[in-house]
Amino acid sequence: MAPRALLAGNWKMHGLQSAVGELQKIIAGADGLPKLDLMVCPPATLIAAFAKAARGSRVLIGGQDCHSLPAGAYTGDISAEMLKDAGAAAVIVGHSERRQYHGETDEMVRTKARAAHRAGLLPIICVGETRAERQAGSALMIVRAQLDRSVPDDLTEVVIAYEPVWAIGTGLTPTPSDVAEMHATMREWLGRREAVRLLYGGSVNPANANELLTVANVDGALVGGASLKAEEFLAIAAVYR
Ligand code: 13P
């Protein structure tokens, strides 16, 4: 049986306190979507307010990154325990923007995933090839290597998001058959961890959601830009109605 679908919105560095109105619209829309788990990952400054607004609803709140240690002298960092304390249920780790702009390695991502688990958060681990790697025909190999190094082998409560770097924020997407090939590879890599959800991410919008999210072994999506407006996010979610 396919795992229950998860649609997660990654707001990245977008959103002020006034954005709680958008969340409330998503919460209202969630009632009509019983087959799907919905999640919003706002910037850290909004997690507590969003968690409070979403309490008792079907919408989960997640962080976008965490430190690997529970506490310490790490100016500017936030621990998984702090996210949990603020009301988060999950945290994205290893997003390509963290890997690219903050030099995060697979090993760091794995430690962060363990930290999330330690704090009682669901880790959403991101992997994905660059444009050059796709063009060189090495996408499957690259992603398999990222999985080997970024995903702790003893973790069963984890979500993996395949986000081709070249598809993020570009309007470009892989073909459904490329997504199918990658997700089949990831599913095979997981072996007995059948309940692990595999998300697709990268330029998902209401127009392409049906085509991308109905591919075999795609158990949901991690959505950037199109998750900032409740209307667009819910239009994507409607694939699971
Ligand atoms: P876009 O949906 O804006 O391409 O971003 C995808 C992403 O990076 C989600 O984590």
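Here are the numbers for the structure shown:
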read-out: Pairs, first within 10 Å of residue 86 (Cα to Cα) in the stretch 41-65, second of a type in the set (S, T, N, Q) and surrounded by 22 or more Cβ atoms within 10 Å (Cβ to Cβ), C-beta under 8 Å, six or more apart; value: 44/64
read-out: Top-ranked residue of the stretch 86-112 - restricted to ones that are within 16 Å of the ligand (Cβ to nearest atom) and assigned to a helix (DSSP H, G or I), ranked as surrounded by the fewest Cβ atoms within 10 Å (Cβ to Cβ); value: 101
read-out: Condition met for residue 193 (more than 28 Å from residue 43 (Cα to Cα) and not in a helix (DSSP H, G or I)); value: yes
read-out: Residues of the stretch 118-173 satisfying the condition of being more than 16 Å from the ligand (Cβ to nearest atom), in a loop (DSSP other than H, G, I, E, B) and either without any contact (Cβ under 8 Å) to a residue 12 or more places away in the chain or out of contact with any His (no Cβ under 9 Å at 6 or more places or on another chain) (or both); value: 120, 121, 136, 137, 138, 151, 153, 154, 156
read-out: Test: residue in the stretch 25-38 that is buried (at least 22 other Cβ atoms within 10 Å of the Cβ), outside any helix (DSSP H, G or I), of a type outside the set (Gly, Ala, Ser) and within 12 Å of the chain's Cα centre (by Cα); value: yes
read-out: Among residues of the stretch 201-239, those that are within 15 Å of the ligand (Cβ to nearest atom) and touching a His at 6+ places or on another chain (Cβ under 8 Å), counted; value: 2
read-out: Qualifying residue in the stretch 28-35 (condition: closer than 16 Å to residue 121 by Cα, of a type outside the set (Ser, Thr, Tyr) and out of contact with any Leu (no Cβ under 6 Å at 6 or more places or on another chain)); value: no
read-out: Single condition residue 187 does not satisfy, out of (1) out of contact with any Pro (no Cβ under 6 Å at 6 or more places or on another chain); (2) assigned to a loop (DSSP other than H, G, I, E, B); value: (2)
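Here's the yes/no breakdown for (1) modelled with pLDDT under 95; (2) farther than 20 Å from residue 61 by Cα; (3) crowded, with 16+ Cβ neighbours inside 10 Å; (4) out of contact with any strand residue (DSSP E or B) (no Cβ under 8 Å at 6 or more places or on another chain):
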position	(1), (2), (3), (4)
131	no, yes, no, yes
135	no, yes, no, yes
139	no, yes, yes, yes
148	no, yes, no, yes
153	yes, yes, no, yes
213	no, yes, yes, no
229	no, no, no, yes
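The values are calculated or read from the model by the stated rules, or taken from the named source; none is laboratory data. Values in this document were obtained by computation on a predicted structure and should not be read as measured data. When we count neighbours, we look across all protein chains shown, and the Cβ atoms used for this are built from the backbone with ideal geometry, even at glycine.
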